[in-house]
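The values are calculated or read from the model by the stated rules, or taken from the named source; none is laboratory data. Keep in mind that this is a model prediction, so the values were computed, not measured. Every residue, glycine as well, gets a Cβ built from its backbone with ideal geometry; the counts of neighbours run over all protein chains shown.
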Amino acid sequence: MSPRARAEGLNRAWVGLLWKFPLHQLAGTVGAGFLAAALTFLALPPDRANTILVLGHTFPVQILVAFALGAVLSLVFAPRAAEWVWVLPAILLLIPFIESGMPFEARLQVFFGTACSPAEHCMAQLGATLPFYMGSAYSTAAFITRNIKTVVRRPARVG
């Protein structure tokens, strides 16, 4: 392969990454959140759905939907781009976590524990922690899917 062809292939890869990464970022955070809410409200009465979606601090439905979405979309679109969806939510979580001025244990309780709840009008977990959880689940699924595809595509060794 000539250096020029290699450079053109690299440029095409970067251009593809420039539109695929934002697509994965939106799907892994905003899209997964909306899809989780829609599915939950379709399956359960509104008061129960609201309790499951926002009043706990573990967000199981959103995490599972983000994981499933990450697995499916990384099969169709660039899985390597999907593996980095966790980075932006992690940065957006670290900024308020570091700048809060509270003791470290209190920060952990506010962002990951039971000290902060949307029922008490505290939105730290919904605004910072939930996108991080969803982005991490989406990226993890993309990583697993890419590695499973790699193992499945390898021919068996003979001899």
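What to note about this one:
- Checked against (1) surrounded by fewer than 19 Cβ atoms within 10 Å (Cβ to Cβ); (2) touching a residue at least 40 places away in the same chain (Cβ under 8 Å), PRO89 passes all but condition (1).
- Residue count, region 37-72 (criterion: within 21 Å of THR145 (Cβ to Cβ) and either outside any helix (DSSP H, G or I) or of a type in the set (Ser, Thr, Tyr) (or both)): 0
- Among the residues of region 18-30, those identified as under 14 Å from SER74 (Cβ atoms) and more than 10 Å from the chain's Cα centre (by Cα) are LYS20, PHE21, LEU23.
- Taking each residue of region 48-59 that is touching a residue at least 40 places away in the same chain (Cβ under 8 Å) and looking for partners that are aromatic (Phe, Trp, Tyr) with beta-carbon atoms closer than 7 Å, six or more apart or interchain, yields PHE59/TYR133.
- The set of residues from region 10-36 being among the polar types (S, T, N, Q) and either outside any helix (DSSP H, G or I) or at pLDDT below 85 (or both) comprises just one member, ASN11.
- Only residues that are of a type in the set (A, V, I, L, M, F, W, C) and surrounded by fewer than 16 Cβ atoms within 10 Å (Cβ to Cβ) were counted across region 26-58, and they come to 10.
- Among the residues examined, PHE67 qualifies as closer than 14 Å to SER139 by Cβ, in contact with a Phe, Trp or Tyr (Cβ under 9 Å, 6 or more places away or on another chain) and modelled with pLDDT of 90 or more.
- Among the residues of region 96-116, not one is farther than 20 Å from ASN50 by Cα, touching a residue at least 12 places away in the same chain (Cβ under 8 Å) and either among the acidic types (Asp, Glu) or loosely packed, with under 13 Cβ neighbours inside 10 Å (or both).
- Taking the numbered list (1) modelled with pLDDT under 90; (2) surrounded by 13 or more Cβ atoms within 10 Å (Cβ to Cβ); (3) farther than 30 Å from LEU23 by Cα; (4) aliphatic (A, V, I, L, M) in turn, ALA119 passes all entries but (2).
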